[in-house]
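A short write-up of the structure that comes next.
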Amino acid sequence: MTGDVKKRIEQLRRAIREHDHLYYVLSQPSISDRQYDALFAELKALEQANPYFITPDSPTQRVAGRPIEGFTTVRHAIAMLSIDNTYNAAELRAFDERVAKLLGSRDYDYVIELKIDGLAISLRYENGILRTAATRGNGEVGDDVTANVRTIKAVPLVLMDNGDIPAVVEVRGEVYMPTSAFIELNKLRTEAGESAFANPRNAAAGSLKLLDARITATRNLSFFAYATGELSEPLAPNHYESLQRFKKLGLPVNPHIVKAKNIDEAIKICDGWNEKRLELDYQIDGMVLKINRFDQRGILGATGRAPRWCISYKFAAEQAETVVESIDVQVGKSGILTPVANLTPVLLAGTTVKRASLHNFDQLKRLDVRYGDTVVIEKAGEIIPQVVQVKIELRPHDTEPFEIPTQCPTCGFDVAKDEEGVYIRCLNPNCPGQLKERLRYFAGRGQMDIEHLGPALIDQLIENGFVKNFADLYNLREDQLAGLERMAEKSAANVIQAIKESKTRPLWRLIAALGIRHIGGQSAQILADHFGTLEALMAAKEEELAVIDQIGPTMAQSICEYFSDPENRSVIDQLIKAGVKPEPPETRRSTKLAGKTFVVTGTLENFTRQQAEQAIRQAGAKASSSVSKKTDFVLAGENAGSKLDKAQKLGVEIITEEQFMEMIGERSE
């Protein structure tokens, strides 16, 4: 019997590894999510019932069960050198001339690779099993980030092969965050009152340096292998064939890697990617040219910091010059003070940019941005406008450095810098600036969805002392509103009616609207589905919360801290007394869409995007933010953009809003 169990466990592990490879490496899934989840659940149950069969390389052991106290260091067996940069075709040709001179021949070819904008990582496999993963560090010594890298599904814990695997295989590559995952992460961070990451590279690097691998596991990182380090025996005589061997080992290799027979062909390939890079779901900042043959690399050697057999060709980021008209300090709902540059409007990467976040005061001080400065801006990762340079030579003579505030610009209360952090926060829990942002968030479409309760009206309600917390909204009277600016009797009645209608919003919306740190819409839905009532959530212990899938210890601590605060409990009591009675999670109306994945794009007539995604989940399906081969349906509304284009290229079925309503059983007769 024991032998049968062990045999089944080994079968399940092999099957799951194969399906991980098909999905995360080859993008060719052969089973549905539901079928995969069933295999994983069976393996997990068998291992829990027979813990003596659990091994570190099992798919169930990707995520460590507890945070580590800090990172140890790893000395690289072979130094991880940097790559020299070039910025134009002339510099590439000069590099090629140096190669030809050192080799005494032009009998060589190049391998051309995309320069992924991520974090260099070394993976060491011993007897086919992943033992350590380390950052580049200073090239000689890096941080041991094995626990975090194990959470990346594209990284195999066990190598595959049709033949013999060398005893030691060191694989070098890039850990990166896909653009779609970056956008979704920043959305969730903003919803939870945290500052957004500046670009996908920073997000990937920050995720790999977390002490809790359970949080890293939620960041949707990925990986491409591009080189070898230490090997107990060679994989192939040249680089290109080594990459083909990587594929046989189950390692993900970028599909756009090609060979070029000479520098002219290499330059043509590089130039072709300057525009095509915008079609990728990950950021690249250039190309890498590598001499293919290893024996020729040995002849070329290296300088103290970089090999002579490869070179990077960096793309120029699209930039624009404009003038800083003023610098504002915004107060977020969690008290974070953020400097924002107001700019003379300028066109950049297809959009007009009027404002650029300076992220934090350390960044503002480093750049020394001042009122009246001419600055260079670019879009970080083609997404977020940011100031990258100040034209000091054009600076007006009478400018002064921006003074970092010691008091909140809204309430005048003292501010303090986060311990071991870069953010400055207002320490006043009753700060009107924070209250305004919290109320705007509370009433927002993704939370309580209170129509007509816009920023201008919220400002007036606070300034007149009508609202001091969430619950006060539900005690407002029409006669109070009618006396406010631009608020006639009809408008006042509409606002009161909208507030009344919000009393019975779904539970997850109320949880999200409370503004608990780290808790956005997605985690609020997980909590609502798990606990069913607000009372049950409020009574939950930290250890109970921490084991919920996709919640973890950081969110658990934040939730418990929020509900243990007497003032927060008092506001919730007032909400309940005012008649706020959230609807419990709905029982799924149908399971016919179970296992299906939908992506919503464009503007819908009968749903907001959040409402459509909620309807998808209630129908037993999954709502995703990005289109892939694994997507079953794309629900396309008006002005659908790049997601629709990608769906068409991949052959994903595109449905109208009417078809969607038929599928979920809500078609109007």
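May I ask for the percentage of alpha-carbon pairs in region 2-61 that lie more than 14 Å from each other?
Beyond 14 Å sits 54 percent of the P(r) for region 2-61.
Residue by residue through region 330-341, what is 3J(HN,Hα) from phi via Karplus (6.51 cos²θ - 1.76 cosθ + 1.60, θ = phi - 60°)? Round to whole Hz and write x for glycine and proline.
Coupling constants for region 330-341: 8, 10, x, 5, 9, x, 5, 8, 10, x, 10, 8 Hz.
Go through region 255-262 residue by residue and turn each phi into a ³J(HN,Hα) via Karplus (6.51, -1.76, 1.60, θ = phi - 60°); whole Hz please, and just put x for glycine and proline.
x, 9, 6, 9, 9, 10, 7, 7
Tell me, 400, 47, 325, 174 in order of fewest to most beta-carbon neighbours within 10 Å? Before the final figure, lay out each step's value.
Working: 400 7, 47 21, 325 14, 174 24.
In increasing order of surrounding Cβ atoms, one gets 400, 325, 47, 174.
Percent antiparallel among DSSP beta bridges with both residues in the chain, to the nearest 5?
Counting DSSP beta bridges with both partners in the chain, the antiparallel share is about 85 percent.
What base-10 log of the normalised intensity I(q)/I(0) is obtained for region 319-417 from the Debye formula, alpha carbons as equal point scatterers, at q = 0.12, 0.18, 0.19 Å⁻¹?
Debye curve over Cα of region 319-417, log10 I(q)/I(0) at q = 0.12, 0.18, 0.19 Å⁻¹: -0.39, -0.83, -0.91.
Find the cysteines in the chain that fail to meet the 4.7 Å Cβ criterion with every other cysteine, and list them.
For the chain, the answer is 270, 310, 560, because their Cβ atoms have no other cysteine Cβ under 4.7 Å.
Tell me, Kirkwood radius of region 597-663 from alpha-carbon pair distances, in Å? Before the final figure, lay out each step's value.
Values: mean 1/r = 0.0864 Å⁻¹.
Answer for region 597-663: a Kirkwood hydrodynamic radius of 11.6 Å.
With +1 on the Cβ of every Lys and Arg and -1 on the Cβ of every Asp and Glu, and nothing else charged, how large is the dipole of region 432-577 about its Cα centre, in debye rounded to the nearest 20?
That gives region 432-577 a dipole magnitude of about 300 debye.
With +1 on each Lys and Arg Cβ and -1 on each Asp and Glu Cβ, and nothing else charged, work out how big the dipole of the chain is about its Cα centre, in Debye to the nearest 20.
Roughly 1300 debye, rounded to the nearest 20.
Take the chain, compute every pairwise Cα distance, and split them into 10 Å bins from 0; I just need the percent in each bin.
3, 12, 21, 25, 21, 12, 5, 1, 0, 0
Kindly put 408, 560 in sequence by how many other C-beta atoms sit within 10 Å of each C-beta, fewest to most.
Listing 408, 560 from fewest to most nearby Cβ atoms yields 560, 408.
What does the charge dipole of region 179-263 about its Cα centre add up to, to the nearest 20 debye, if the Cβ of each Lys and Arg holds +1 and the Cβ of each Asp and Glu holds -1?
240
Tell me what the chain gives for mean residue ellipticity at 222 nm when only DSSP H runs of n ≥ 4 count, each as -39,500 (n - 2.57), the sum divided by the residue total, rounded to 500 deg cm²/dmol.
-10500 deg cm²/dmol
For region 77-314, state what percent of all Cα-Cα pairs lands in each successive 5 Å bin, counting from 0 Å until the bin that includes the largest distance.
Distribution as computed: 1, 6, 13, 17, 18, 17, 13, 8, 4, 1, 0, 0, 0 percent.
Check residue 597: other-chain or 5+ apart residues with amide H under 5 Å from its amide H, H built from backbone geometry?
Counting only residues 5 or more places away or on other chains, the set is 622, 632, 633.
Taking amide hydrogens as modeled 1.01 Å from N in the peptide plane, which residues meet the under 5 Å criterion relative to residue 330, leaving out close sequence neighbours?
338, 340
In the chain, with Lys and Arg counted as +1 and Asp and Glu as -1 at Cβ, which of these residues, 291, 553, 211, has the Cα nearest the positive end of the dipole, that is, farthest along it?
Looking along the dipole axis, the top candidate is 291.
Among 344, 216, which comes first, then next, by fewest other beta-carbon atoms within 10 Å?
Numbers: 344 13, 216 24.
Ranked by crowding around the Cβ, least crowded first: 344, 216.
Values quoted throughout were computed directly from the atomic coordinates according to the rules given, and no laboratory measurement underlies them. Computed from a predicted structure; not experimentally measured. All Cβ positions, glycine included, derive from the backbone under ideal geometry; neighbour counts span all protein chains shown.
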